[in-house]
Amino acid sequence: MSEDKELLKDGKRIDGRAKDELRDMEAEAGILKRADGSGYFRMGGTEVIASVFGPRELHPKHKQKPQRGIIQCRYNLAPFSVDDRKRPGPSRRGKEIGKVAEGALSSIVFLEEFPTATIDVYMEVISADAGTRCVALNAGAIALADAGIPMKGLISSCAAGKIEDTPVLDLKGEEDKDGQVDLPIAMNIETGEITLLQMDGMTDIDEMDKMLDLAIDGCEKVAEKQREALMETFGDKK
Ligand code: CDP
């Protein structure tokens, strides 16, 4: 993160948003025929398709948990999702995001109902302009619900950050690259549980509080969008 570009002018950001404004969002459930569940989520220029397979028996067997199921997440940036073609295949960054996504999603699923099973969540980033882990989780949670997996609620995610010493909501690419802090969170709006919190950059307690407030408000709006998408799909199926 560097700070050479002008990212805030007269209280407006480079794309004209206010400090507490999310990028425009789109959400859809049930977009893939061959998956048990699927979801699409877009925030600005970041788009993710998620698919869910399972619950199904986990192989190899030594990975099985006798008392509960597990969630396995794969996060993948498509080669065409970024400006410079991304080299296909696994990367350290992708593995890390897959792991934190597993943690974030596992807390909402009643995994004790599926001993020895796995629920696989594949999150394909088809367009990346910052916040891909958040958008991946938003699509993943829709896909889990679409698959009919019993859950305590939804996981909703967005990032707050700091640009030009100012806390703002939902960084886009240039803000992430040239800003000072990126703070993605994921939470279950119903229970208030925060299931992912990561931070890149430097801040203090006061700013951290402001960024968290922004991100929590953002997650509430994301949750509304996710619910709308699910209502639309389940409404159609009736
Ligand atoms: O995407 P997210 O903010 O969750 O993660 P990041 O590691 O902070 O990446 C920020 C952004 O950098 C991504 O959203 C992409 O737009 C970009 N990026 C890229 O262009 N090429 C990569 N190999 C990785 C990230």
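Give me log10 I(q)/I(0) at q = 0.13, 0.14, 0.15, 0.24 Å⁻¹ for segment 67-173, Debye formula, one equal scatterer per alpha-carbon, no solvent. Taking Cα atoms of segment 67-173 as identical point scatterers yields -0.53, -0.61, -0.68, -1.28.
For segment 30-68, backbone nitrogen atoms closer than 16 Å to the point 7 Å from Lys177 Cα along Cα-to-C-beta are found at 45-46. With helices as the sole contributors, the chain gives -9500 deg cm²/dmol at 222 nm; each DSSP H run of n ≥ 4 counts as -39500 (n - 2.57), and the sum is divided by every residue. Accessible surface area normalised per residue over segment 147-203 is 35 Å², counting heavy atoms of protein chains with a 1.4 Å rolling probe. What a 1.4 Å probe finds exposed on segment 14-236 is 50% carbon and sulfur by accessible area, rounded to a whole percent. Counted residue by residue at 0.36 nm each, then reduced by the alpha carbon distance between them, the extension gain from Lys152 to Glu113 reaches 12.8 nm.
When both bridge partners sit in the chain, DSSP labels roughly 85% of those beta bridges antiparallel.
The loop-placed GluC sites (Glu not before Pro) in segment 1-47, going by DSSP, that have at most 16 neighbouring Cβ atoms within 10 Å of their Cβ come out as Glu3, Glu6. Sparse packing (at most 14 other Cβ atoms within 10 Å of the Cβ) combined with a DSSP loop state is found for the following trypsin sites (Lys or Arg not before Pro) in segment 126-209: Lys152.
Considering only Ile49, Ile194, Ile216, the Gaussian network model of the chain with Cα springs below 10 Å gives its largest mean-square fluctuation to Ile194. Using alpha carbons only, the radius of gyration of the chain set against its Kirkwood radius gives Rg/Rh = 0.98.
Placing a label point 7 Å from the Cα of Ile14 along the Cα-to-Cβ line, the residues of segment 177-208 whose backbone N sits under 13 Å from it are 177-180. Length gained on full extension, Phe80 to Glu228: 50.4 nm, using 0.36 nm per residue less the C-alpha separation. Helix 205-237 and the longest principal axis of the C-alpha atoms of the chain enclose an angle of approximately 40°. Residue by residue, segment 46-59 carries 3J(HN,Hα) couplings of 10, 10, 9, 10, 10, 10, 10, 10, x, x, 9, 4, 7, 10 Hz when phi is fed to the Karplus relation 6.51 cos²θ - 1.76 cosθ + 1.60 (θ = phi - 60°); x denotes Gly or Pro. Once both labels are positioned 7 Å from their Cα atoms along Cα-to-Cβ, the gap between Ile205 and Arg87 label points is 4.4 nm.
The values are calculated or read from the model by the stated rules, or taken from the named source; none is laboratory data. Here the structure is a predicted model, which means the values were calculated and not measured. Here the Cβ is made from the backbone with ideal geometry for all residues, glycine too, and neighbour counts use every protein chain on show. Note: areas computed on protein heavy atoms with side chains; ligands, DNA, RNA excluded. Shrake-Rupley method; radii C 1.70, N 1.55, O 1.52, S 1.80 Å.
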